[in-house]
Amino acid sequence: MNSTVLVTGATGKTGRRLVPQLAARGVTVRTASRNPAPADAHVEPVHFDWSDESTYAAALKEVDAVYVVTANLSGITTHQSQQVASLLDAAAVAGARRVVLLSAFGVDQAPAEDPLRRIERVVEEAGMPSTILRPGTFMQNFSEKHWSNLDATIRERDEIAMPGGDALVSYVSTHDIAAVAAVALTEDGHDGKAYSLTGREALTLAEVAHHISVAAGRQVRYVESGPQTIRDALLATGMPTDQAEYVTQLFVAAMTTGAFGVVTDDIAAVTGRPATTFAEYAAGAADAWRRPTTNHVSAT
Ligand SMILES: NC(=O)c1ccc[n+]([C@@H]2O[C@H](COP(=O)([O-])OP(=O)(O)OC[C@H]3O[C@@H](n4cnc5c(N)ncnc54)[C@H](OP(=O)(O)O)[C@@H]3O)[C@@H](O)[C@H]2O)c1
């Protein structure tokens, strides 16, 4: 069966890995972005902006399933759950029969009024078969564009500066999240399910620094910092102060309490393959930590 899947966040850390995995399954992929790329085999780029509902209908035309990525942490407001509700209403009208939501680890435990839990409830109550993915902290935050700027501080200062101490976190690869999403979007048996997606091992930030050092070929160290590092990075993205405070609290709790150190086998159970280890991820991401080379012109 030739089906069409709308991928929101198609240029992001999970979305851009999901697109080729869906295309390899013979699916036509509608890739949503505020800056759509040129079309390719099996790929139909479309202009899409969560904050402009007039962009929803064209993105949803004749889609069978939708992958929902809420914009990013700066989108965590009540508006985002309203936007997801509008998108799913329009998706039902367009004939979509399945939705997969990218949420976050532990959101099922959050109070009903929590902005992320509100988004989950919108999806659960939309009346469309749904699957919720709850990943832990992404490995790719260390190597790809993220508000925390970790890739830049590793490249420029050989430092990972953040709160964490000795707390364990089971970082997950976005390639594995995309693999689970590809299955849930195209195969039966995942409706009504929620998966907690983690890596195979829980690591301290000192252990993370060790793996990155091995891959980068030079010493990178973990430097414990206070919540202000996170707050400042968020404020620098233009996030309002109250929202930056909320996200800082979430982030610090995730990194310092050990609550994100749980290891599950949901990735292997859904995909049939073991989750990526941090060392495997780091070996593949080493280019992100290379320093730009300076060309010296000889005076002679
Ligand atoms: N990072 C983590 O460790 C982590 C862990 C658990 C869950 N999550 C969840 O994963 C999601 C992605 O987070 P991320 O920070 O890693 O970002 P990301 O997926 O790497 O990038 C964000 C994506 O959102 C799109 N986007 C941003 N604003 C948009 C708008 N107004 N309209 C339409 N699309 C918009 C961007 O597309 P364009 O710029 O091309 O429009 C981009 O593709 C978030 O919901 C986050 O809560 C993240």
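The values are calculated or read from the model by the stated rules, or taken from the named source; none is laboratory data. Source: prediction; values computed, not measured. Please note: Cβ atoms are built from the backbone with ideal geometry, for glycine as well, and neighbour counts cover all protein chains shown.
Couple of notes before you dig in:
- Residues in the stretch 130-161 that are of a type in the set (Asp, Glu) and either more than 9 Å from the ligand (Cβ to nearest atom) or closer than 19 Å to GLN219 by Cα (or both): ASP151, GLU156, ASP158, GLU159.
- Enumerated helices (runs of 4 or more DSSP H) restricted to the stretch 195-300, each holding at least 1 residues that are at pLDDT 95 or above and within 21 Å of THR174 (Cα to Cα): 205-216, 266-271, 278-285
- Matching entry among TYR195, TYR222 (being closer than 22 Å to GLU156 by Cβ and hydroxyl-bearing (Ser, Thr, Tyr)): TYR222
- Residues within the stretch 248-257 that are more than 17 Å from the chain's Cα centre (by Cα), in contact (Cβ under 8 Å) with a residue 60 or more places away in the chain and surrounded by 15 or more Cβ atoms within 10 Å (Cβ to Cβ), tallied: 2
- Among the residues of the stretch 9-43, the ones that are more than 15 Å from the ligand (Cβ to nearest atom) and more than 23 Å from GLN140 (Cα to Cα) come to 8 in all.
- Among residues of the stretch 58-73, those that are part of a helix (DSSP H, G or I) and touching a helix residue (DSSP H, G or I) at 6+ places or on another chain (Cβ under 6 Å), counted: 2
- Test for SER81: is it surrounded by fewer than 22 Cβ atoms within 10 Å (Cβ to Cβ), within 9 Å of the ligand (Cβ to nearest atom) and without any contact (Cβ under 8 Å) to a residue 60 or more places away in the chain: no
- Evaluation of ARG118 against (1) within 23 Å of ALA182 (Cα to Cα); (2) in contact (Cβ under 8 Å) with a residue 12 or more places away in the chain (one fails), failing number: (1)
- In the set LEU235, LEU197, only one residue is touching a Lys or Arg at 6+ places or on another chain (Cβ under 7 Å) and within 30 Å of THR31 (Cα to Cα); that residue is LEU197.
- The number of residues in the stretch 147-161 being touching a strand residue (DSSP E or B) at 6+ places or on another chain (Cβ under 8 Å) and on the phi < 0 side of the Ramachandran plot comes to 7.
- Within the stretch 1-57, considering residues that are touching a residue at least 60 places away in the same chain (Cβ under 8 Å), under 18 Å from the mean Cα position of the chain (by Cα) and assigned to a loop (DSSP other than H, G, I, E, B), the one surrounded by the fewest Cβ atoms within 10 Å (Cβ to Cβ): GLY12
- Tally, over the stretch 135-191, of residues that are modelled with pLDDT of 95 or more, assigned to a loop (DSSP other than H, G, I, E, B) and within 14 Å of the chain's Cα centre (by Cα): 6
- Within the option set GLY217, GLY127, GLY189, GLY165, being more than 13 Å from the ligand (Cβ to nearest atom) and either hydrophobic (A, V, I, L, M, F, W, C) or free of Cβ contacts under 8 Å to residues at least 12 places away in the same chain (or both) holds for one residue only, GLY189.
- Residue ID - farthest from the ligand (Cβ to nearest atom), chosen from residues in the stretch 168-186 that are β-branched (Val, Ile, Thr) and surrounded by fewer than 23 Cβ atoms within 10 Å (Cβ to Cβ): THR186
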